[in-house]
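What follows is a single structure, written as structure tokens, with notes after it.
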Amino acid sequence: RPMVPTRAGVCLIMCDTEPLKPSNTGWLIADVVPDTAAFGWARTEVDPALLTLLADPQWQPYVVFPGEFVAAARVVTQLIEGNNSGRGGEYAAFGKRPLFILLDATWPEARKMFRKSPYLDNFPVLSLQSEQISRYKLRRSRRDDHFCTSEVAALCLELADETAAAQALEA
């Protein structure tokens, strides 16, 4: 369990059954990234600690989700630097640490979680553009461009120049 110091953090929002699955990879992230928080998701309730984390001024939250399902004005493909993000400074990130919000669920569950979590609506959506194919073998998607949660986290860490943590997670 290589814990690697990182500037970036990860916020896992987990579907109710996901933590119980032996094939879940969300917990691998917590083994590698020291600033990992995990919360259960419910349609009608939000954990106050999750809202506190998302409001913490040290973080620049990014909801990691495919851009094709989101209004184009919210989509980013790179981390936002400074107050001039090319989006009118809408998502000012100067001096803030990236916080990657990962919806840890099956793809149908993740889409539902995204649509029914209005507290995520004010954050940019990081749409990953990866040419790689998932190597995760414990569960398979019908699509090669779907990744397990730890693979998504590794891609996010790579974007944040957290190469050692990304490589540790990939391994």
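Any read-out appearing in this document is the output of simple, stated calculations on the displayed coordinates, not a laboratory observation. Source: prediction; values computed, not measured. Ideal geometry is used to build each Cβ from the backbone, glycine not excepted, and the neighbour counts take in all protein chains shown.
Around Ile101, which amide H atoms from residues at least 5 apart in sequence, or from another chain, sit under 5 Å from its own amide H, with H modelled in the peptide plane?
HN-HN under 5 Å from Ile101: Cys11, Tyr62, Val63, Val64.
Quick one: which residues, 5+ away or cross-chain, put their amide H under 5 Å from the amide H of Gly40? H built at 1.01 Å from N.
Amide H neighbours of Gly40, under 5 Å, 5+ apart: Met14.
Phe39: net charge of surrounding residues, Cβ under 11 Å, Lys/Arg +1, Asp/Glu -1, itself excluded?
-3
Where does segment 2-76 land on Rg(C-alpha)/(2.2 N^0.38 Å)?
In units of the 2.2 N^0.38 Å rule of thumb, it is 1.22.
Quick one: if the Förster radius is 30 Å, what FRET efficiency do Thr44 and Ala71 give, using the C-beta to C-beta distance and rounding to 0.05?
E between Thr44 and Ala71, to the nearest 0.05, is 0.75.
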